[in-house]
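The values are calculated or read from the model by the stated rules, or taken from the named source; none is laboratory data. Since we're looking at a predicted model, the values are computed, not measured. FYI the Cβ positions are ideal-geometry reconstructions off the backbone, even for glycines, and counts take in every protein chain you see.
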Amino acid sequence: MHIDIITLFPSMFDEIFSQSILHRAIEKGLLSVNFIDLRGYSTNNYKSVDDYSYGGGAGMVMQIEPIANCLADLQAKRSYGDIIYTAPDGEQLSQAVCNELSLKDNICILCGHYKGVDERVRKHLITREISIGDYVLSGGELAAAVIADSVARLLPGVLSDETSALSDSFQDGLVSPPVYSRPADYNGWKVPDVLLSGNQRLIDDWRLEQSVERTKERRPNLL
Ligand code: ADE
């Protein structure tokens, strides 16, 4: 999969993509990511890409021209399964959305900023708007990183154990069961006997039961 991220702050992504699973996905050639500095498409000498809002009011608006020119350049090189705009009023990111995005060959993410983007960008240039939750971030970069991370880990071969993405919370509409590691007894806090039993069928049944119980308790909306 290839992800293009259009941003005013490309260096914000440096660490995120050079560590852990995202880094491994890139090293293995399963993911490539390109950061495009929107200021490179500014139409003025000040490298600005925002302007006052028509009709007045506080906050600057990201202009359509730099974004349209940037997208035209990118689309001359590849076509996208989705061009995503990060916005707090977008469709909420969910595991189902991540699964869907992970099937696309190329996606492009436009990081929002300021008071928002000229409405014509939303209407005509992008294909999808995604929010990572009901709170307002100071920019779309963190949202883009969340989207890229949650999608990249689903690409076949990215996780070392193919089944581990399948047993993630939410993947089957349930949250994950509890997990334990050594020691089996820490100051009297014991690991459930069933996990030490060696009986895989009992363990699987217990895990499913725990998942259902936890989902009822913590996220009943999923049931
Ligand atoms: N930009 C600002 N807040 C955001 C949010 N919650 N999700 C996605 N993009 C955003």
(1) in the same structural domain as Phe9 (by TED's automatic domain parsing); (2) at pLDDT 95 or above; (3) at positive phi: which one isn't true of Asn187, the others all being true?
(1)
Which one of the conditions (1) assigned to a helix (DSSP H, G or I); (2) within 24 Å of the chain's Cα centre (by Cα); (3) at pLDDT 95 or above does Ile21 fail to meet, given that it meets all the rest?
(3)
For residues that are in contact (Cβ under 8 Å) with a residue 24 or more places away in the chain and either over 13 Å from Ile147 (Cα atoms) or among the charged types (D, E, K, R) (or both), tally how many sit in segment 101-134.
19
Quickly run through segment 103-155 and pick out the residues that are away from the ligand (no atom under 14 Å from the Cβ) and among the basic types (Lys, Arg).
Lys104, Arg120, Lys123, Arg153
Segment 198-218, residues that are surrounded by fewer than 13 Cβ atoms within 10 Å (Cβ to Cβ) and either aromatic (Phe, Trp, Tyr) or at positive phi (or both)
Gly198
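Residues of segment 75-99 being part of a helix (DSSP H, G or I) and in contact with a helix residue (DSSP H, G or I) (Cβ under 9 Å, 6 or more places away or on another chain), which ones?
Hits for segment 75-99 are Gln95, Val97, Cys98, Asn99.
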